[in-house]
1. Along the Cα→Cβ direction, 7 angstrom out, place labels at Gln73 and Gln108. What is the inter-label distance in nm?
2. Quick one: Karplus J couplings for the range 111-118, per residue in order, coefficients 6.51, -1.76, 1.60, θ = phi - 60°, nearest Hz, x for Gly and Pro?
3. Restrict the search to the range 62-126; then list the chymotrypsin sites (Phe, Trp or Tyr not before Pro) that DSSP places in a loop and that have at most 12 other Cβ atoms within 10 Å of their Cβ.
4. Which GluC sites (Glu not before Pro) does the range 63-128 hold that lie in a coil by DSSP with at most 12 other beta carbons within 10 Å?
5. Taking amide H positions as placed in the peptide plane 1.01 Å from N, state which residues far from Glu121 in sequence (5 or more) or on other chains have amide H under 5 Å from it.
6. Extending each Cα 7 Å along its Cβ direction at Trp80 and Asp125, get the distance between those two points in nm, one decimal.
7. Treat each spin label as a single point 7 Å out from the Cα along the C-beta direction, and report the Asn100 to Thr11 distance in nm.
Amino acid sequence: SINVTAQIYETTRARIDLNHILDRRAYSNNLSTDYLLKKIDNQSSVSILHGYQTLNSITIELVGEFDFDELDQLIIQILWNEQNTTQEIVRMKGVLCLRNEATYRILQAVGQMYEFISTNENHYDNLRNCFVVIGSNLNQDILIEQFRKCIK
């Protein structure tokens, strides 16, 4: 699928229980990071091509604590294409451990807009970070290296 964190429901003639699609609280700070980490599990550094050949998904898993300021600057650079690459990111989601913070943060990005959402879930010593990046002309190796540079 294009987004490994998305739930898929089979329908007939587009009929679906509205509870599956409304009031999902996808941007809530009560979102379970455990759910996202399990969905992304075993998808580490995977690139998946889709029917629309220029669109692909990359899943990246890194261990460590991110420096928030450096990560924030990187997100700006890659979403706003300040590096003048052919890469275009249309959607990004992440579960993050930040330096000097005990709880996970969720990264949500659509187009050039993004936000970091605080959660109430402690990561304790599990310093696992996961990103799902959807876009065109994505360079997996460069993205991994850029994210690695933000880990302290």
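The numbers here are math on the coordinates, done by the rules we state, and not lab data. Just so we're clear, the structure is a prediction, and the values are computed from it rather than from any experiment. Virtual Cβ from ideal backbone geometry, glycine too; neighbours counted across all protein chains shown.
1. So the label points at Gln73 and Gln108 sit 2.7 nm apart.
2. Using θ = phi - 60°, the values come out as x, 9, 9, 8, 8, 9, 10, 6 Hz.
3. Values: sites: Phe66, Phe68, Trp80, Tyr104, Tyr114, Phe116, Tyr124; in loops: Trp80, Tyr124.
Hits after loop and neighbour filter: Trp80, Tyr124.
4. Details: sites: Glu65, Glu70, Glu82, Glu88, Glu101, Glu115, Glu121; in loops: Glu65, Glu82, Glu101.
Counting only loop positions with at most 12 other Cβ atoms within 10 Å, the GluC sites (Glu not before Pro) in the range 63-128 are Glu82.
5. Under 5 Å from the amide H of Glu121 lie the amide H atoms of Tyr104, each far enough along the sequence or on another chain.
6. Each label point is offset 7 Å from its Cα along the Cβ direction, giving 4.0 nm.
7. Between Asn100 and Thr11, the simple spin-label model gives 4.7 nm.
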